[in-house]
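Novice: This is the structure I want to talk about, given as structure tokens.
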Amino acid sequence: MTFPPITGGARNGLEDFKIMKSIGIDTVILIRAGVGRTAACPSEVLAQQADIYPVYEDLVDLFLDLAEENDLSFFFGTYDSATWPTRERTLEQELDLGKAFIDESWTKYGDRKAFQGWYLTFEIGKMERRRVECLRQLGAHCKSLSPHLPNLISPYLHGGKQFEDAISLTQHCSDWDEILSLLEGAVDIVAFQDGQVDFDVLPDFLQANVALVRKHGMTAWTNTESFDRDTPFNFPPIDWRKLWWKMMASQKAGVDKLITFEFSHFMSPNSSWPAAKYLFDRYCEYLKTQD
């Protein structure tokens, strides 16, 4: 089996699209086109319903141009109010706004060659029924507009590196078996994040995730985080040895593809992090061994 290349993350500089293409990346994922009062593109829907700040440049259009120039697939990230469900918005309000923004975005960008999928931006790590229902309905709405395009989610592992109330692998499997059963028909690709559990248990989670995702007729990707959660500050580029180890564990688990959060910050030679440049060099050296 040929090991799949790491796939690009969200915010990218102009040159990053060319660089990603040069190392085998074939997909760019915009994590969200809007969050709270900030948006990556002009939107009458968000201006009227979310009171977004003025948008002076259409970054979605720019990213689509760059993706098409470099023969990359682009996944469009949906809107997150960043207030629901804990504060101002109800589930129904979040859904109404999300669907209206999806409609507007599909009208504006749906005919673009690079527009090859939707990224449903809400992240969950365990059973949260209202958020699952939000994912289900938004995914179904995207399918009603573009049944030929895949919907992607990237949930996290509710593990001890991030959460004090970490759940066991057994509970993870129980929760996600139910969650994925509810999302059948609304989600096509599941790319679990891999950074929230210790390295010694990660292979078990990776293998369980692949089995769960395929059980429900979906495609199993993995989100190989390229930043380090094990340092006293948040978050530097990851040590190459850790990234390599996670890549090997994902390969052994049989995932279909790797994506990463996020190339431009943590792996690009254009990053403001000096360590990102070295991580990029190490990855390029690894690629040469795969020829």
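The values are calculated or read from the model by the stated rules, or taken from the named source; none is laboratory data. Everything quoted here is computed from the prediction, not taken from an experiment. Don't worry about glycine lacking a Cβ; one is built from the backbone with ideal geometry, like all the others, and counts go over all protein chains shown.
Novice: Tell me which residues, restricted to region 257-277, are over 15 Å from residue 24 (Cβ atoms) and in contact (Cβ under 8 Å) with a residue 40 or more places away in the chain. First the steps, then the outcome.
Specialist: Going through region 257-277, the residues over 15 Å from residue 24 (Cβ atoms) turn out to be 261-262, 264-266, 269-277.
Result: 261, 262, 264, 265, 266, 269, 270.
Novice: Looking only at region 119-130, how many residues end up being farther than 21 Å from residue 194 by Cα and touching a Leu at 6+ places or on another chain (Cβ under 8 Å)?
Specialist: Filtering region 119-130 for residues farther than 21 Å from residue 194 by Cα gives 129-130.
Those left that are additionally touching a Leu at 6+ places or on another chain (Cβ under 8 Å): 130.
Total meeting the criteria: 1.
Novice: Then there's this: Could you look through region 82-133, keep only residues that are of a type in the set (Ser, Thr, Tyr) and part of a helix (DSSP H, G or I), and pick out the one that is farthest from residue 189 (Cα to Cα)?
Specialist: Looking at residues that are of a type in the set (Ser, Thr, Tyr) and part of a helix (DSSP H, G or I), I get 107.
Novice: Here's something else I'd like to know. Quick one: in region 196-255, which of the residues that are of a type in the set (Phe, Trp, Tyr) and part of a loop (DSSP other than H, G, I, E, B) is surrounded by the most Cβ atoms within 10 Å (Cβ to Cβ)?
Specialist: At the first step, the residues of region 196-255 found to be of a type in the set (Phe, Trp, Tyr) are 199, 205, 221, 227, 233, 235, 240, 244-245.
Now drop any that are not part of a loop (DSSP other than H, G, I, E, B), which leaves 199, 233, 235.
On the way: 199: 13, 233: 6, 235: 17.
Looking at the filtered set, the residue picked out is 235.
Novice: Anything in region 68-85 that is closer than 26 Å to residue 97 by Cβ and in contact with a strand residue (DSSP E or B) (Cβ under 9 Å, 6 or more places away or on another chain)? List them, or say none. I'd like the intermediate steps shown before the answer.
Specialist: Of the residues in region 68-85, the ones closer than 26 Å to residue 97 by Cβ are 74-85.
Of everything in region 68-85, those that are closer than 26 Å to residue 97 by Cβ and in contact with a strand residue (DSSP E or B) (Cβ under 9 Å, 6 or more places away or on another chain) turn out to be 74, 75, 76, 77, 78, 79, 80, 81, 82.
Novice: Also: Exactly one of (1) crowded, with 19+ Cβ neighbours inside 10 Å; (2) without any contact (Cβ under 8 Å) to a residue 60 or more places away in the chain; (3) under 18 Å from residue 149 (Cα atoms); (4) in contact with a Lys or Arg (Cβ under 8 Å, 6 or more places away or on another chain) is unmet by residue 77. Its number?
Specialist: (2)
Novice: While we're here: Could you say which residue among 52, 23, 19 is farther than 23 Å from residue 271 by Cα, of a type in the set (Val, Ile, Thr) and at pLDDT 95 or above?
Specialist: Residue meeting the stated conditions: 52.
Novice: Of all residues being of a type outside the set (A, V, I, L, M) and in contact (Cβ under 8 Å) with a residue 12 or more places away in the chain in region 50-64, which is surrounded by the most Cβ atoms within 10 Å (Cβ to Cβ)? Just the residue, please.
Specialist: Going through region 50-64, the residues of a type outside the set (A, V, I, L, M) turn out to be 51, 53-54, 56-58, 61, 63.
Now narrow it down to the ones that are in contact (Cβ under 8 Å) with a residue 12 or more places away in the chain: 51, 53, 58, 61, 63.
Numbers: 51: 9, 53: 12, 58: 17, 61: 15, 63: 25.
The extreme case among them is 63.
Novice: Still on this structure, please answer the following. Pairs only if they're at least six apart or on different chains, beta carbon under 7 angstrom, first in region 189-214 and over 17 Å from residue 126 (Cα atoms), second polar (S, T, N, Q) and crowded, with 16+ Cβ neighbours inside 10 Å; list them, first residue then second.
Specialist: Close Cβ pairs (under 7 Å, with a partner that is polar (S, T, N, Q) and crowded, with 16+ Cβ neighbours inside 10 Å) amount to 189/219.
Novice: Next up: Under the condition of being hydroxyl-bearing (Ser, Thr, Tyr) and not in a loop (DSSP other than H, G, I, E, B), which residue from region 153-180 is surrounded by the most Cβ atoms within 10 Å (Cβ to Cβ)?
Specialist: Looking at residues that are hydroxyl-bearing (Ser, Thr, Tyr) and not in a loop (DSSP other than H, G, I, E, B), I get 174.
Novice: Here is a follow-up. Within region 181-195, restricting attention to residues that are out of contact with any strand residue (DSSP E or B) (no Cβ under 7 Å at 6 or more places or on another chain) and buried (at least 22 other Cβ atoms within 10 Å of the Cβ), which residue is nearest to residue 156 (Cα to Cα)?
Specialist: 195
Novice: Follow-up question, since we're still on this one. What's the number of the only condition in (1) in contact with a helix residue (DSSP H, G or I) (Cβ under 9 Å, 6 or more places away or on another chain); (2) more than 20 Å from residue 250 (Cβ to Cβ); (3) not hydrophobic (A, V, I, L, M, F, W, C) that residue 224 fails to meet?
Specialist: Residue 224 satisfies all of (1) in contact with a helix residue (DSSP H, G or I) (Cβ under 9 Å, 6 or more places away or on another chain); (2) more than 20 Å from residue 250 (Cβ to Cβ); (3) not hydrophobic (A, V, I, L, M, F, W, C) except (2).
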